Each structure stands twice: as structure tokens, then as C-alpha cells.
Amino acid sequence: MKSSNRYALIFALLFLLLLHSIGTLVESIYILDLLKTSLDEKALGLLFLFSPVFLLLLKRRPSRALIWLLFVILFIGRGLIIFLPTAGRLLASGLASAAALFLFPLLINTQSDGERPTGQAFSLGLALAVGASILLRTLGYGIDYSLQTEGGWLGWVLGLGLGYALRRVAFLATKEKPASAREALLPLLGVWMVFALVYFAFSAPSVLARWAESDYRMTVFLISLLCLIWVGGLILRPTWIEDLSPTLVLIWNLLFTLALTTTLLVNRVAFPPSPDSPPLIVGAASWQQQAPYYLTLLLFPVIFLDLSLLTEPWKRQPPSLPALAAGMLLGVFVLVLLMFMQIFTNVWGYVEPVSPWFRNQFWLPYFLMSALLTLAVIFLRPRLKGAQRALEGNFSPNWLVLFVVLLGGSVAAAFVTTQVRQFTPRPNSLIVLTYNLQQGNDSFGERSYQRQLALMKQIDADIIALQESDSARVSLNNTDLVRYFAGKLRYYSYYGPGPISGTYGTAILSKYPLYNPHIVFSYSDQDEIGTAVAEIQVDGRWFTIYNVHPDGSDTAMMVFAQSLLEQIGDKPYVIALGDYNLRDDEPAYQVIAARLTNVWESLYPTKISPQGIDMSGRNRIDHIFLSAPLRPRWATYVLPPDSATDHPVHWAEIVWEE
């Protein structure tokens, strides 16, 4: 294997394993702190990311044994991730992340068969990591297949591939003067902004598509195709980059930053600012909201170009280990800040006094990533011109074949995993289910989405209302639970409020096509309150489904209750279900109950079922309400831990007259 191909494979696998490890580390910390909706000592797990500080302890050229020690830690940590409980995953993924982040700068000072890593090898490796991540996520129905139980074996295979590629890599034996810290600091910051963009969004098509509920299959196709085109350019005409002037590179970066930021800003929600404000109704994204999104996708290969140009000078003059340590620590520090920024946009009501500043600022970390990358390109323009002249190819055409396979596999998987099936309607009845997922975790903080899926299959509901389902965010490793459940059940789905809005999610799954889906935002002062609404047609009748998940002060809850009733008006065939965060002795609940029928109370006035399920007093906040002429035939709750979440699961059969 030529050294250029070897390094491309090394960086592809290293970037992919790093995506898995850092993603799992952040997810594990978030899950364990989610149980208390606050930050605690578990957040210190992020210190694993600062392992490059140990580069400062290396006073001389390290031995090759250090590479293999770091590889073993990475291999074992990444391989074990999927088989451990959440606390164990935190430790294993932390060690794997630390090893990968220590190994990456060391590889910059290595050679294989007398050749050093080139900027093009970095770039091709990242493109391969992005293409592989897209395939794994589409195969896994929105959740990386290699991070699911059935795909856990892939972690070991990827690790073995990295070990194979590292066999002929050794440290440089050179008397050349290394690049200074100043010459390494800005390029490494740029490199980690490239990685941040990939980690936050471009390795996970579901995350991108959820921003404006854009076409998921088109997103998968475009990202995969552009990776293929980039690699094709590197292999078939590697000198084409020489034709790009530094000014053109800068313009490309500026346009990408503008398009990305515009996409997030035009899809931002202008929440009702006061209790007296009318509710805001948000429907499907317009073409004006979709246009910058697709422009962002078309421009995104600039991150591959930037990575190639920023790292190419290291082939001639690698930075010293102290210089690499400084650059890595700066890049990782900014990466951690960006993580907190995005997480705070979702939990802005819980981590005062810092988090309220980030309410509705979902766009900000993405702007900073792309802007900092652009600034790195601006300040390094004189060096980039020299780097362009040094670019050369020598990549195997087999990479093109591999990328064609990745493209075909991803597109095919995107179509297969989004198919819906036809169901036989129940005569004059519907089974409706409300399910607070707690982001796919149980009351012990363990991942439980597969058990939740099994329960949904067992219940076989016609309508499923999911709360705390907005997991297509960096805090939860960019997993798309709505796509996962809808794809596995083969139901129609409506995601509800997207990640940009900062809610915890109110999604609707249905055996019947969903018409006129939209979101109603009411005033909120702790969590954004976004009610998902959709219509279905059954037996010639139109049913309106409201999936709710309000929270906040008594004022916000009362505003929500009044807004819900105003939206319902005099509509017949209304089913309003969800996690109301209201008990039957609270004023907002009583306002709703005065107009609508609570399923459980109408069947069991004592709040205790004949089977002994006691939902009296303060036990019950998950409700199903109906309007006339609907009535319940039966209803039940399944309590934790059998519910595989921290809430009871509530479902009922709803009937109506002929």
C-alpha cells in the first residue's frame, strides 16, 4: 500500500472512531445529567478531551511503542462502548477519545516508506469518514448502526483496520527545524473547526434534514455524492486545486458561512414574548427557508479543501510536539465551548445564570465554527499559495469504487428505511398511545430505545404521540429516534418542533397519512412549549391529533391550556394527548378537563383501574383527552421500569358511533 493511501485510510478510520468516541462521551454525560436536569461532576468526563496536554511531557522523539499503546486503548475503548452501561460507556469512550486525540498529533510527525502525510491524505480520509458515517446512520434508521447492539462488532472491525494501517508507520528522524507554535496554532484551530462541523452536522444527514424538515433522501444523496466528487477530483486530477486562487478559496468559505448561518436563522422561531402574545403557528418550511439549506449542502466540500490546505505545509515542516500540544488544546477547548453552547440552547431554563443567554441561539455555534475556519483561511492565505504548489496525488482508483459503493448503499438504505406499509383499519376505533421517551433512556439512565420499540410493537397503536423525542442534536450523539421508530414500525411520521427551536420534542407517528402537520408555540418561560398538530382521515371522518408537552410556571401552563382550547374550538373528533406535566388538582388541568373528556377519569372515577393500577393523587401527568363524540372503550398505564422510560406509558382504545 502506498504511503498516501495508507495515511488516507489511517485518518479515515481515526476520524470515524473519534466521531463515535466523542459522540458517545458527550451523550453519556448528558444522559446521566439529564436525570437531574443539571450539570454535576460527570461533566468532568470532558477532561478526557484534553489528553494532548501530555504532549508537553515528551522531551524527545517518542518511541513507536507509544503509537501502539494509544492504539490499544482506542481499540479496546471503542470496541467496548456498545456493550457497557451508561457509566461504563462514559469511561470507555473517554479513554478512546483521549487516545485518539493524543494519537492524531503524533501521526503528523510520522512517515511511512519515507513519505509523510499530505494534506490530500487528511482530506480524503475525512471524506471517507463522512461517507462511512452517512452509510452507518442510514443503515441504522437514523442511529449509527455500529453503535447499536446488533452492529457492535463493527467497532472491533474498524479498530482492526486502523491497526493494520498503522503497521508501517514510524516517527520522523529529521534534523529540519520544526514549525513554531504560532505556525501550528491557527492551522490546528482550523482543523478542529472542520471536525466540529462534521461532528455537529455533516456526518449525520438526519440532523441536517431536521433543520427545515427537508427531504431526507435528497440530503443523503447530495452529501454522499459531493464526497464522491471531491475524492474523484483528488484521484483523477489532483492538481486542480492549484487553479484555485486564495481569493476564490476565501469567497467559497465566506459563501458557506453565509449559507449555513442563513439556513439556521431563517428557520428560527420567533417565540411569543409574553403571556398576552397570541400563539405562533409554524407549518412546513417555505422555499425561502429551504433554498439556503440546499446551497449549504452544495458548498460544504469547502471543509475538505480547507483541511487539505491547512495541513499540507506539515508535510514539509511538521510542527514540534509543544506546538502541536498548544494547537490541539486550543482547538479542543473551542470545541467544548461550542458543545456547551448548543446544549444550552436546549436546556436554557435549567443551568442558570449562563444558559438563559443561549435561548433561541441555535445558529451561534455553527456560525462560530464556520467563521473561525474562514478566519484561519484568511490569516494563512500567504502559506496556502505555497501549499497549493506542493499538492500531488498518487491515490489508488479503488477509492472511487469504494465511494461509489458508499453512495449507492446510503441512497438505497435511505429509501428502504423510510418506507411505510398499509394497515388494516380497526372497525370504528383507534388505539392511541402517549409515550414520553426521555430521549430513549429509562429511569436508571440506560439506553432503552430498543425496549421502547418492542413495547410499541406489542401495543400496535394506530397513533403514537412521542415526547422528549428531539434527539437529533450533538448532546445525544445526533441520533434520530423519530426516524428510528417510524422506520422500524413503517409508520408515517411528523417530527414536530425541530432542533433549532430548542424544545424536547413532540412527534407524531401514525398508521394513517398525516395531513396539515404544524406546530403551535405558546408563551414559555422555562422550556419552549411546542404542540405538534396533525390530521388523519378514518372512515370518512377527520380526526385532529394534538401532541403536547408543556412545562414552566403556572402562568405559562395556563397560557398553554387556554391556547390548546382555542385551537380546538368546536372541532369534533379531537384527541389531545401527551405529557401535560399537570395533575388533576392544578388550575390549568381543570380548565382543559372542563371542556374535554379525560380517558382515565371517565372510565375509572376513583382513578384506580379494576386491575389495581393506581393513578390517583399526584401519580398521573400523562393524559389522553377527547372531544365529543369520541369515548374510550378501555385504557391502561404501564409504569416504570416496565415502561422503559421514567414515565408511565398510557394508551387507550377510542371508539365512536356509526
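Key figures for this structure:
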quantity: Farthest toward positive dipole pole in the chain [+1 Lys/Arg, -1 Asp/Glu at C-beta], among 45, 56, 278; calculated: 56
quantity: Integer Hz, Karplus 6.51/-1.76/1.60 couplings in order for segment 227-237, x for Gly and Pro; calculated: 4, 4, 5, 4, 5, x, x, 5, 8, 7, 8
quantity: Inter-label distance for residue 69 and residue 156, nm, one decimal - labels placed 7 Å from Cα along Cα-to-Cβ; calculated: 2.6 nm
quantity: Sorted by Cβ density within 10 Å, fewest first, the residues 566, 352; calculated: 352, 566
quantity: Whole-Hz couplings from phi, Karplus 6.51/-1.76/1.60, listed for segment 183-197; x for Gly and Pro; calculated: 6, 9, 4, 5, x, 5, 4, x, 4, 6, 6, 4, 4, 4, 4
quantity: Degrees separating the helix 246-266 axis from the principal Cα axis of the chain, which is the longest one; calculated: 10 degrees
quantity: Order of 345, 418 - criterion: other Cβ atoms within 10 Å of each residue's Cβ, fewest first; calculated: 418, 345
quantity: Residues 141, 637, sorted so that the one with the fewest Cβ neighbours within 10 Å comes first; calculated: 637, 141
quantity: Positive-end extreme of charge dipole, segment 524-658 - chosen from 553, 543, 611 (charges on Cβ); calculated: 611
quantity: Top positive-direction residue, dipole computed over the chain with Cβ charges, set 503, 513, 343; calculated: 343
quantity: Residue-span extension gain [residue 444 to residue 298] - 0.36 nm each, minus C-alpha spacing; calculated: 48.3 nm
quantity: Between 0 and 90°, nearest 10: helix 119-139 axis offset from the chain longest Cα axis; calculated: 20 degrees
quantity: Amide hydrogen neighbours beyond the local backbone of residue 431, cut-off 5 Å, H modeled; calculated: 462, 463, 654
quantity: Residue-by-residue Karplus 3J(HN,Hα) for segment 536-541, coefficients 6.51, -1.76, 1.60, Hz, glycine and proline x; calculated: 10, 10, 9, 6, x, 9
quantity: Residues whose placed amide H lies under 5 Å from that of residue 110, excluding near-sequence neighbours; calculated: 172
quantity: Magnitude of the charge dipole, the chain, Cβ model with Lys/Arg +1 and Asp/Glu -1, debye to 20; calculated: 3100 debye
quantity: Segment 546-585 versus segment 205-270: alpha-carbon centroid distance in Å; calculated: 41 Å
quantity: Shape category assigned to segment 429-655 from the gyration tensor of Cα positions, a/c cut at 1.5; calculated: rounded
quantity: Peptide ranges 213-221, 523-531 listed from the most packed, as the mean C-beta count within 10 angstrom indicates; calculated: 523-531, 213-221
quantity: Folded to 0 to 90 degrees: helix 554-568 orientation relative to the chain principal axis, Cα; calculated: 70 degrees
quantity: Segment 32-174, dipole about Cα centre (Lys/Arg Cβ +1, Asp/Glu Cβ -1), debye to the nearest 20; calculated: 500 debye
quantity: Over the chain, relative contact order from alpha-carbon pairs under 8 Å, at least 6 apart, %; calculated: 16 percent
quantity: Lysine pair number, Cα distance threshold 15 Å (strictly under), the chain, separation 8 or more or different chains; calculated: 6
quantity: Computed E for residue 237/residue 50 - FRET, C-beta separation, R0 45 angstrom, nearest 0.05; calculated: 0.65
quantity: Gyration tensor (alpha-carbon) shape descriptor, segment 445-575, a/c threshold 1.5; calculated: oblate
quantity: Spacing of the two label points (7 Å from each Cα toward its C-beta) at residue 168 and residue 553, in nm; calculated: 6.9 nm
quantity: For segment 3-416, alpha-carbon Rg relative to the globular expectation (2.2 N^0.38 Å, N residues); calculated: 0.96
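No value in this document is a laboratory result; all are computed from the given coordinates. What you see is a predicted model, and the numbers here were worked out from it, not measured in a lab. All Cβ positions, even for glycine, are placed from backbone atoms using ideal geometry, and neighbour counts span all protein chains on display.
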